[in-house]
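Novice: Got a structure here, written out as C-alpha cells. Questions coming.
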Amino acid sequence: MNTIKKGQIFPNRVVIAGFTALLLATFILSWIIGSNQRLAILIVILKIVGFAASFLLILGELGHPLFDAICPKWEKIDCHAVMKSPASKLFGLIPMADIGGIYFSGGIILICFSVVNPHFFNQVYLLGILNLLTLPYTIFSLLYQVFVVKYFCFLCLIVQMVFWLEFSQFYSFVFAGFPRFTAADFLPFIWAFGLPLFAWLFFRPLIKKAVAADNKLREKTDQ
C-alpha cells in the first residue's frame, strides 16, 4: 500500500490554498470596485484553466502517473509523443510546459494584486502584449502536431485555446492605444512573474525527486 507523507501533502495544500485565496480576493475586490475591474474575472478564470493544463503537462515531464491517467494514448491522441518531440523544449533545454506554468501563474498574481492599482489597465496592457507573443507559437505547435508528430496532445491544445481566448479579452486593450507608462508600472509585472519563476527554479528539483521516489515505491508495491 502506498503511503503519503505529510510533507508531501503540505506543499500541494499551500499552492491550492494560495491560488484559491487569490481568486476569492479578486472576485471580492472586483465586485466592490466596479464594472471595469470585473473584466479581470474572466481573464483570471482563463489563466487558472491554462495553469491547470500546464501543471498537468509539467507532471508529464516529471513522469507522474497522474499524467498517463488524464492523457492516455488513444487513436490520434498521444501526449507523450508530442512532449517527447524536440519542439516541446525551448532551445532544447527549457520545457514549454514550465514556461506555460510561469506565464499563467504570473498573470494570475499580477491581475489579483493589480485590481486595486490605479494603473490597473496598464498592467492589463502588458499582459495583452505578452499574450500576443504566444500566438505565433500556437500556430507552430498545431502545425507541428499535425505534420511532424502526427499526434495531438489535448492538454497542449487546451493551453493554446486559452491563449486565443485570452486574446479575445486583451484585444480591446492592446489596440485601443499605447498607454502612458512610468517605471513604477513595470515593477508589479516584474515581481509577479519573477516570483513564480524563482519559486519554480527552487521547487522543481524537489518535486522531480519526490515524483521519482513515488514512482519507485509504486514499482515495488506492484511487484
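Novice: Just to confirm the filter: which chymotrypsin sites (Phe, Trp or Tyr not before Pro) across the range 150-218 are DSSP coil and have at most 15 other Cβ within 10 angstrom of their Cβ?
Specialist: On the way: sites: 151, 152, 154, 163, 164, 167, 170, 171, 173, 175, 181, 186, 189, 191, 193, 198, 200, 202, 203; in loops: 151, 175, 181.
Of the chymotrypsin sites (Phe, Trp or Tyr not before Pro), the ones in loops of the range 150-218 whose Cβ has at most 15 other Cβ atoms within 10 Å are 175, 181.
Novice: Grab the Cα-Cα distance for residue 176 and residue 117, subtract it from 0.36 nm times how many residues apart they are, and report the gain in nm with one decimal. Please report the intermediate quantities before stating the final value.
Specialist: On the way: separation 59, 0.36 × 59 = 21.24 nm, distance 1.98 nm.
Here the answer is 19.3 nm.
Novice: Going by a ≥ b ≥ c, the root eigenvalues of the Cα gyration tensor, does the range 114-223 fall in the rounded group (a/c under 1.5), the prolate group (a/b larger than b/c) or the oblate group?
Specialist: oblate
No value in this document is a laboratory result; all are computed from the given coordinates. Source: prediction; values computed, not measured. All Cβ positions, even for glycine, are placed from backbone atoms using ideal geometry, and neighbour counts span all protein chains on display.
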